[in-house]
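What follows draws every value from the coordinates through simple rules; no lab data is involved. The model shown is predicted, which means the values in this text are computed figures rather than measured ones. Neighbour counts run over all protein chains shown; Cβ positions are idealised from the backbone, glycine included.
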Amino acid sequence: MTDRWQQSPGRRNASTGSPEAPVVSGVVETIAAGMSLAFWRPRLLLIPLVIDLVLWLGLQVSANPLTAPLGRLMAREGGENGDLAAEQLARFGERAHVNDLVAWLIPSLFAGVPSDTVLTTLLSFLVPPLMDGVDREGMYAQWGDGLLTLWQPGNWFVVVGVGLAFLFVGSVVLVLFRVPLAQSVRGGGAGARKLLGDIAMAWLRIAGLIGLVGLVAAIAVGPLVVLAALLLLFGLDVSSLLALVLICGGGVVAIYTVFTVDAIILSQVGPLLGLRQSFEVVRANFGPTVRFALCSLLIGTGSFQLWEALVANPPGIVISLIGNSFVGTGLILASMMFFYDRFRLLQRTPPPAGRGRP
C-alpha cells in the first residue's frame with residue numbers, strides 16, 4: 001500500500017526541489033486512513049489477537065483474594081457508604097481477572113480500552129463500565145471459563161506480586177505491538193536486527209515514562225491527599241473538592257499528553273521529549289485533537305457494546321475477537337498518523353519573528 005502516510009519527511013517536490021510539506025487530513029479522514037491501513041496489513045492485528053486468545057483460553061487468575069479483604073475493610077471502616085463500596089468490590093473481584101493486565105496497554109476484547117494515555121486511564125477510574133472489556137460470563141455457554149481452571153491465590157500478597165509481573169509483561173507487549181505500527185506509518189522497511197533494537201529501546205523509554213508518570217503523580221497528588229486527611233481530623237471533609245481539582249487538573253494533563261506514547265515510538269525519543277512533542281502538537285491543534293480524542297473514544301467504547309452482544313453465540317465470539325483487534329489497531333494507527341503529520345508540519349513551520357522555537 002503506497003500512499004501519503006508513507007512519504008518520507010525528506011521528500012522533495014519534483015518541480016521546485018523544495019521540501020514537500022506533509023498533507024494534514026481531518027479527523028474523520030485520518031480515522032478512515034488508520035482503519036484502511038489495518039485492513040490492508042492484517043499482520044498488524046496479530047499481537048492483540050494472540051494476546052486475547054491467551055487471556056481467554058489460558059490460565060485465569062482471580063482478583064478476589066485482594067478485593068475480599070478490601071471489601072471487609074470498607075464495610076468496617078467506610079462509614080455510611082461502606083457496605084455499598086464492599087458490595088461493589090465483591091462484584092469487581094468476581095469479574096476481574098488479574099491476567100488481563102497483560103493487555104492493559106493494547107486493544108483487548110477482555111481488558112477493554114487500552115490505558116496507554118492519561119486520558120483513558122482517567123476515564124477508567126471515572127467511568128469504569130464504559131472502558132471495561134467484555135464480561136466473560138456473558139459468553140456462549142461455558143466458553144467464558146476458557147480451557148484451563150481459575151486460580152485463586154492464597155492471599156492478597158500473591159495477587160499483588162502476580163499483578164506486577166503481568167504489568168511488566170504488558171509493557172513488553174506494548175512495544176512489540178506498537179513498533180511495527182510506527183514503521184508502517186513512517187514507511188520503509190527494517191531488518192530483523194534493527195527491529196529488535198528499536199523494540200528494546202522503545203521498552204526502555206516506555207518504562208521511563210511509566211516511572212516518570214508515577215513519580216509526578218505521587219508528588220502532585222500525595223500532598224493533596226495528606227492535606228485532605230488532616231482537614232478531616234478537624235471535621236472538614238474536602239474530599240469532593242479534592243476530587244474536582246484532580247479531575248479538572250487531570251483532564252488538562254490528559255489532553256496535552258495524549259500523543260506521548262505515539263511521539264516516543266514514532267520519533268524514537270525519550271519520555272521528556274515525547275511529552276514535549278505531544279504538548280506542541282496539541283497546543284497547535286487543540287480543537288482537532290479534542291475532536292479526534294472524542295471520536296476515537298466513541299468508536300472504541302461503542303464497539304464494546306456490539307462485542308458484548310455478539311459473544312453470546314460461537315460465531316459472534318470469533319467476529320468479536322477479530323473485530324476488536326481491527327478497530328483497536330485502526331484507532332491507534334489513526335492516532336499515530338494524526339500526530340505524525342502535524343508534528344512534521346510544525347517542524348516545517350518557522351517560528352514567529354523575534355521568537356525562537358519553544
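Neighbours of GLY133 by Cβ distance under 13 Å: Lys/Arg scored +1, Asp/Glu scored -1, total -4. Per-residue Cβ neighbour counts within 10 Å put THR149, THR30, THR257 in the sequence THR149, THR257, THR30, beginning with the fewest. Note that segment 323-340 has calculated 3J(HN,Hα) couplings of x, 5, 4, 5, 5, x, 5, x, 5, 5, 4, 4, 4, 5, 4, 4, 5, 4 Hz, one per residue in order, obtained from phi through the Karplus relation 6.51 cos²θ - 1.76 cosθ + 1.60 (θ = phi - 60°); glycine and proline are x. Each Lys or Arg adds one and each Asp or Glu takes one away; over the other residues whose Cβ falls under 11 Å from the Cβ of TYR256, this sums to +1. Annotation: peptides 266-278, 320-332, ranked by per-residue average of other Cβ atoms within 10 Å with the highest first, follow the order 320-332, 266-278.
Counting beta carbons within 10 Å around each of ARG348, ARG95 and listing the fewest first gives the order ARG348, ARG95.
As a footprinting exposure proxy, order SER335, SER62 by other Cβ within 10 Å, with the fewest listed first. Show your work: numbers first, answer last.
Values: SER335 24, SER62 20.
Ascending number of Cβ neighbours within 10 Å: SER62, SER335.
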